[in-house]
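Here's a structure for you.
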Amino acid sequence: MLPWRRLLRPLAVLALTAAALVAPTGTAQAAPAATAATSSGWNNWSCKPSAAHPRPVVLVHGTFGNSVDNWLGLAPYLVHRGYCVYSLDYGQLPGVPFFHGLGPVDKSAEQLAVFVDRVLAATGAKETDIIGHSQGGMMPNYYIKFLGGAAKVNALIGLAPDNHGTTLLGLTKLLPYFPGAEDLISSATPGLADQIAGSAFLTKLNAGGDTVPGVSYTVIATQYDQVVTPYRSAFLTGPNVRNVVLQDLCPVDFSEHVTIGLTDRIAWHEALNALDPAHAKRTTCASVFE
C-alpha cells in the first residue's frame, strides 16, 4: 500500500484530466477562435513563402489543445518574422468539442499528412517545417517515419514533446491499483493511452531508432515539466538531433509543460533558431525581449 500523501498528486492530475474532458463547451466558442487565427495572420492560404523563409511552418497542438488556443502567442510571433504559418485540429472525439488530441495517435498522424499536403499545395513549397507542443511534438514523428513525411518535412521542432511517453508524475504506475482504469482510458481516450510510457504505440514509433535521415530534429524541454515525466523522456537519439533544456538557456526560466508552448518567448526564440540555423542568434534570458 502506498502512503496516502504520495497518492495525492497523481490523483489530482487524474481529477484535472477528467475535468477537462467534461468541461462545458459549445460551438459559440469556435467562432471567436477562428476569427483570432485569421486576424492574427496565420492560416492565411494566400501566403507565399519568401526567399528568406522558403518553407511554411505547420503548428501541431498538444493533447486537450486546439489549432488556435495553443498558438495565440507563437503563431503571431512567427508571422511577424515573415513566416507563412498554419495550424490544424486533430484527434477529435465525437461529442467532445474544443478539446482535441484525444483520438488514436496514428490516426491523428494521418490527419497531419492530409494537412501538410494541403499546405504544400497552397504555398508551392516542397517541404515544411513542423513545430509541435507536447503530443504535437511527438505525433509528427509517426507521420515522418511511417506515412511518407520524411520527404515533406525539413525540420521537426518539439516543445516538451513526449517522444518516449510519460508516467504523468507516476499516475500511470498507479493504474493497476484502479481496476478497469486502463481499459477505460484506452477506450474513452485512446490518444492518452498511446502516450503512456511503454505503450504499444510508442514501442512501434521508436523501434529501429528515434529518427530518420534527412530530417533535422530539435527538442526543447523544461526540467519543470509536470506532464512529460521524466522530462528527459522528451529527448531523441540519432543524427541531426539537438536536445535542449530550457534552463540551460536561461536558468531563471521556470516554464512548465503548458507555458513552454503558450507563452515562453525564450523557447520560441530557440525554435526560431531551429527554423533558420544559418541566421541563429544565441538564446539567453534576454531573448524574451526580442
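Within region 91-108, can one find any residue that is touching a helix residue (DSSP H, G or I) at 6+ places or on another chain (Cβ under 9 Å) and within 16 Å of ASP129 (Cα to Cα)?
No: region 91-108 contains no residue that is touching a helix residue (DSSP H, G or I) at 6+ places or on another chain (Cβ under 9 Å) and within 16 Å of ASP129 (Cα to Cα).
Out of the residues in region 192-210 that are polar (S, T, N, Q) and free of Cβ contacts under 8 Å to residues at least 40 places away in the same chain, state the one that is least open to solvent (accessible area, probe 1.4 Å). Can you show your working first?
Here is the first cut: in region 192-210, the residues polar (S, T, N, Q) are 195, 199, 203, 206.
Filter once more, so that each one left must be free of Cβ contacts under 8 Å to residues at least 40 places away in the same chain: 199, 203.
Values: SER199: 16, THR203: 88 Å².
Going through the qualifying residues, I end up with SER199.
To continue, here is another question. Quick one: in region 212-246, which of the residues that are open to solvent by less than 20 Å² (accessible area, probe 1.4 Å) and free of Cβ contacts under 8 Å to residues at least 60 places away in the same chain is nearest to VAL153 (Cα to Cα)?
So the residue we want is VAL244.
Here's another thing I want to ask about it. Please find, within region 208-246, the residue that is farthest from ASN141 (Cα to Cα) out of those that are of a type in the set (A, V, I, L, M) and modelled with pLDDT under 95. Steps first, please.
To start, the set of residues in region 208-246 that are of a type in the set (A, V, I, L, M) comprises 212, 215, 219-221, 227-228, 234, 236, 241, 244-246.
Restricting the remaining residues to those that are modelled with pLDDT under 95 gives 227-228.
Numbers: VAL227: 19, VAL228: 17 Å.
So the residue we want is VAL227.
Which residue pairs have Cβ atoms closer than 8 Å, lie 6 or more positions apart in sequence or on different chains, and pair a first residue in region 264-279 that is outside any helix (DSSP H, G or I) with a second residue that is open to solvent by less than 20 Å² (accessible area, probe 1.4 Å) and of a type in the set (D, E, K, R)?
ASP264/ASP253
When the residues of region 106-151 are narrowed to those that are touching a strand residue (DSSP E or B) at 6+ places or on another chain (Cβ under 6 Å) and part of a helix (DSSP H, G or I), which ends up surrounded by the most Cβ atoms within 10 Å (Cβ to Cβ)? If you could, list the steps in order and put the result at the bottom.
Filtering region 106-151 down to residues touching a strand residue (DSSP E or B) at 6+ places or on another chain (Cβ under 6 Å) leaves 115-116, 119, 127-133, 136-137, 140, 144.
After this cut, where a residue has to be part of a helix (DSSP H, G or I) as well, the list is 115-116, 119, 136-137, 140, 144.
Values: PHE115: 20, VAL116: 25, VAL119: 23, GLY136: 32, GLY137: 29, PRO140: 28, ILE144: 24.
Per the criteria, the residue is GLY136.
Next question. Do any helices (runs of 4 or more DSSP H) lying entirely in region 1-93 carry at least 1 residues that are open to solvent by 50 Å² or more (accessible area, probe 1.4 Å) and modelled with pLDDT of 95 or more, and which ones are they? First the steps, then the outcome.
Numbers: elements: 4-22, 30-39, 74-80.
Qualifying helices (runs of 4 or more DSSP H): 74-80.
The values are calculated or read from the model by the stated rules, or taken from the named source; none is laboratory data. As the structure is a prediction and not an experimental result, all values here were calculated from the model. Counting neighbours? That spans all protein chains shown, and the Cβs are built from the backbone with ideal geometry, glycine included. Areas reflect the complete protein model, heavy atoms only, side chains present, ligands, DNA and RNA absent. Shrake-Rupley method; radii C 1.70, N 1.55, O 1.52, S 1.80 Å.
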